[in-house]
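To start, the structure itself, in structure tokens.
The values are calculated or read from the model by the stated rules, or taken from the named source; none is laboratory data. Please read these numbers as outputs of a predicted model, since none were measured by experiment. No Cβ is skipped: glycine too gets one built from the backbone with ideal geometry, and neighbour counts run over all protein chains shown.
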Amino acid sequence: MSATRRSVLAAAAAAALPIPALAQAGGLITKPIPSSGERLPVIGVGTARRYDAAPGEAERAPLRATLKRFHELGGRVIDTAPSYGQAELVVGELVSELKIRPGLFLATKVGADSKEAGRAQIEASFQKLRTDKIDLIAVHNLRDTANQLATLRELKQGGRIRYVGATTSVDSQYADFEAMMRRETLDVVQVDYALDNRGSADRILPLARDRGMAAWVNLPFGRGRLFQATQGRPLPDWAREIDCTTWAQVFLKYVVSHPAVTCAVPGMAQARYVDDNLGAARGRLPDAALRTRMEQFIDGL
Ligand SMILES: NC(=O)c1ccc[n+]([C@@H]2O[C@H](COP(=O)([O-])OP(=O)(O)OC[C@H]3O[C@@H](n4cnc5c(N)ncnc54)[C@H](OP(=O)(O)O)[C@@H]3O)[C@@H](O)[C@H]2O)c1
């Protein structure tokens, strides 16, 4: 068979593949959690605000479609927290309905003021998420860190959780967060970072790298702020150099191309956002020179 005929047949076969097989064939960009080497796709789903949904089908349907699409495209990380209202409950319910728990990486948090309150909250997370193993629990916003980390380490030792982490999303906590990172052994830290909000790149992200911690990014769109800043503007020519067709992909590729960052968790509650945002886990990522141009572009708006 000629090479041309072979490639025509391969293209036809690829076009006919069901979506999950295509996702595997096409592949999503993954990065490892340094403490284990386990690789995860660089884009996950954040569930703050939008997954705090009422019980009705009208509220559940778009969220179900979002998680279904996310799974079909090879997505794995879902980030939630007890403080996101009904979000853990909604995620647990939908994941169970869709029967997609195997292969997902469920991450939640603990935000409590005592060891007892933390334990109770964590047990409730297992119930709400309808799972006997949670992949990652992180101390939320430095709340009662020492006590909660002690509990999380016991749970990891006992095999009920796989990874231990800590999160923040405000500059006013950075100094304390950095001190905590120097003191503690953690698998994952989660911090805010976006093209127009780069403070965590000064010290926290490099420190994560030095300490062998995976750095996950929250608020990669600044809660939508970046879309407002670029509204009505065409994509710059350089977006093509990194295979971006939308602003969302530009913003996410900037974040996940930072050498310390292993995953970003944009909030998505619509299936079309999943198609768009997982596009940032495919194709080329910006190098250091292009990252600087991206920063100059956004700073110049
Ligand atoms: N301290 C912490 O631990 C902490 C703090 C904050 C957040 N987080 C985590 O980080 C996640 C992300 O934060 P976030 O959801 O607040 O903010 P975000 O990811 O910066 O922005 C999410 C918003 O961007 C819009 N969006 C998403 N994809 C889009 C697309 N392709 N095109 C156009 N618009 C799009 C959506 O707005 P609409 O829904 O309005 O359309 C969405 O709600 C949270 O869900 C949570 O899991 C953790």
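Within the range 144-188, can you find the residues that are touching a Phe, Trp or Tyr at 6+ places or on another chain (Cβ under 8 Å), under 15 Å from residue 111 (Cα atoms) and among the aliphatic types (A, V, I, L, M)? Of everything in the range 144-188, just one residue is touching a Phe, Trp or Tyr at 6+ places or on another chain (Cβ under 8 Å), under 15 Å from residue 111 (Cα atoms) and among the aliphatic types (A, V, I, L, M), namely 166.
As a summary of the residue check, residue 235 satisfies the conditions (1) out of contact with any strand residue (DSSP E or B) (no Cβ under 9 Å at 6 or more places or on another chain); (2) more than 16 Å from the ligand (Cβ to nearest atom) except for the one numbered (2). Looking only at residues that are more than 10 Å from the ligand (Cβ to nearest atom) and touching a Ser or Thr at 6+ places or on another chain (Cβ under 8 Å) in the range 36-88, which one is nearest to residue 141 (Cα to Cα)? Once the filter is applied, the top-ranked residue is 82.
Looking at 150, 138, 117, 146 in this structure, which one is among the small types (Gly, Ala, Ser), at pLDDT 95 or above and closer than 18 Å to residue 48 by Cα?
From the options 150, 138, 117, 146, the qualifying one is 138.
Residues considered: 133, 115, 109. Of these, the only one that is exposed (fewer than 15 other Cβ atoms within 10 Å of the Cβ) and in contact with a strand residue (DSSP E or B) (Cβ under 9 Å, 6 or more places away or on another chain) is 133.
Could you tell me which residue of the range 161-201 is nearest to residue 122 (Cα to Cα), considering only residues that are charged (D, E, K, R) and in a strand (DSSP E or B)?
Let us first name the residues in the range 161-201 that are charged (D, E, K, R), namely 162, 171, 176, 178, 182-184, 187, 192, 196, 198.
Still in the list and also in a strand (DSSP E or B): 162, 192.
Values: 162: 14, 192: 24 Å.
If we take residues in the range 161-201 being charged (D, E, K, R) and in a strand (DSSP E or B), then 162 is nearest to residue 122 (Cα to Cα).
The residue of the range 254-272 that is surrounded by the fewest Cβ atoms within 10 Å (Cβ to Cβ), among those that are more than 7 Å from the ligand (Cβ to nearest atom) and more than 24 Å from residue 171 (Cβ to Cβ), is 272.
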